[in-house]
Amino acid sequence: MDLNQTIRCIVKLGGAAITCKHELEKINEENLETVSSQLRQAMNLGSCSNKVIGMDWSKRDGVLDISSSLADFDDQRQFTVDFSRFVVVHGAGSFGHFQASKSGVHKGGLSQPLVKAGFVATRISVTTLNLEIVRALAREGIPSIGMSPYACGWSTSERNVASADLSGVTKAIDSGFIPVLHGDAVFDDRLGCTILSGDVIIRHLAEHLRPEYVVFLTDVSGVYDRPPTDPNAVLLREIAVDEDGKWSVVKPTPQSMNMQVEITVAAHDTTGGMVTKISEAALIAKLGIDVYIVNAATIHSLKALRGELRHNIPDDWLGTVIRFSR
């Protein structure tokens, strides 16, 4: 499972950032297009042509000629597909969560007809979203491969990862592809089944692949001391994680804010929402890997994806960095 070279970055595309979370199974097309473009810019090693060579040759609405991209390959000396090594993991947003919560898949109990049906319905929904994200990345010339955790043999034991064959992921990376994984319905040794969240997948991948940094793209500017809809909410700019896994706010200073951090979880979210995100990010930071939580499709997210924040975070950057307190 060893990689030939190190991974540069693992990116989490938050479900709320790439879908319209209040509309069932609706993609936020504008955000997804911007995020895909930013990922191409971040992955570009400099030897790539500025011309985007599309890799989605399938039929879609509004496009009559699906063979136009093929002409770009006539003279392959004009460009090279040379990207730095990224892994993408996305959440479900308005895909999957509804099906999972209505059927109780996250609680287990495959012997119940409703749960079994929900398992099927959830996987149909999340794999549909995965395909559309892969297509969006492919249109930006990113050689993406959709990889469903269930199909790759991931399973859990009381919701903790019990088995995860990463050989397919590492083979894809070493072959020059960008794996695109997602939150999924999986088998659980104790519960029968559950939902494996994208945040847990990110942490497991970080433990084994050891990227240089990790970026969580969300629908808000970062982690706040209370729900960001609260007018008094304060953006936590830097969080330090201790050796024992406990985390504390470094910026802004504790004296300048109310230290009672309140986190809420949306009623339909079966994966723990921001609570899971912070706890998983803290475990990643404990490995010595910086984690950036930032609003998707902004100049701030582009800086994080490019790795521009690793040595110096400018005062005007909006986001949250979670670091190991060395």
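Worth a mention:
- Residue 58 meets each of the listed conditions (1) at pLDDT 95 or above; (2) open to solvent by 40 Å² or more (accessible area, probe 1.4 Å) apart from (1).
- Of all residues in the range 303-326, those being outside any loop (DSSP other than H, G, I, E, B) and either over 18 Å from residue 241 (Cα atoms) or open to solvent by less than 10 Å² (accessible area, probe 1.4 Å) (or both) number 7.
Residues are listed down the side, and each one gets a yes or a no for (1) over 20 Å from residue 199 (Cα atoms); (2) at pLDDT below 95; (3) of a type in the set (S, T, N, Q):
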{"site": "53", "(1), (2), (3)": "yes, yes, no"}
{"site": "119", "(1), (2), (3)": "no, no, no"}
{"site": "137", "(1), (2), (3)": "yes, no, no"}
{"site": "140", "(1), (2), (3)": "yes, yes, no"}
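- The set of residues in the range 176-205 that are at pLDDT below 95 and either over 17 Å from the mean Cα position of the chain (by Cα) or of a type in the set (Ser, Thr, Tyr) (or both) comprises 176, 197.
- Unmet requirement for residue 165, which otherwise passes all of (1) over 17 Å from residue 92 (Cα atoms); (2) of a type in the set (D, E, K, R); (3) outside any loop (DSSP other than H, G, I, E, B): (3)
- Residues being touching a residue at least 40 places away in the same chain (Cβ under 8 Å) and more than 23 Å from residue 33 (Cα to Cα) - total across the range 92-117: 11
- Among the residues of the range 151-203, those that are hydroxyl-bearing (Ser, Thr, Tyr), out of contact with any His (no Cβ under 6 Å at 6 or more places or on another chain), in contact (Cβ under 8 Å) with a residue 60 or more places away in the chain and open to solvent by less than 30 Å² (accessible area, probe 1.4 Å) comprise 170, 197.
- Residue 11 being at pLDDT 95 or above and touching a Cys at 6+ places or on another chain (Cβ under 8 Å): no
- Applying the criterion of being more than 17 Å from residue 291 (Cβ to Cβ) and either part of a strand (DSSP E or B) or among the hydrophobic types (A, V, I, L, M, F, W, C) (or both) to the residues of the range 204-248, the residue that is least open to solvent (accessible area, probe 1.4 Å) is 233.
- Members of the range 272-297 that are of a type in the set (Val, Ile, Thr), out of contact with any helix residue (DSSP H, G or I) (no Cβ under 8 Å at 6 or more places or on another chain) and crowded, with 17+ Cβ neighbours inside 10 Å: 278
The values are calculated or read from the model by the stated rules, or taken from the named source; none is laboratory data. Bear in mind the structure is a predicted one, so any value in this text is a computation, not a measurement. FYI the Cβ positions are ideal-geometry reconstructions off the backbone, even for glycines, and counts take in every protein chain you see. With ligands, DNA and RNA removed, areas are computed over all heavy atoms of the protein, side chains included. Shrake-Rupley method; radii C 1.70, N 1.55, O 1.52, S 1.80 Å.
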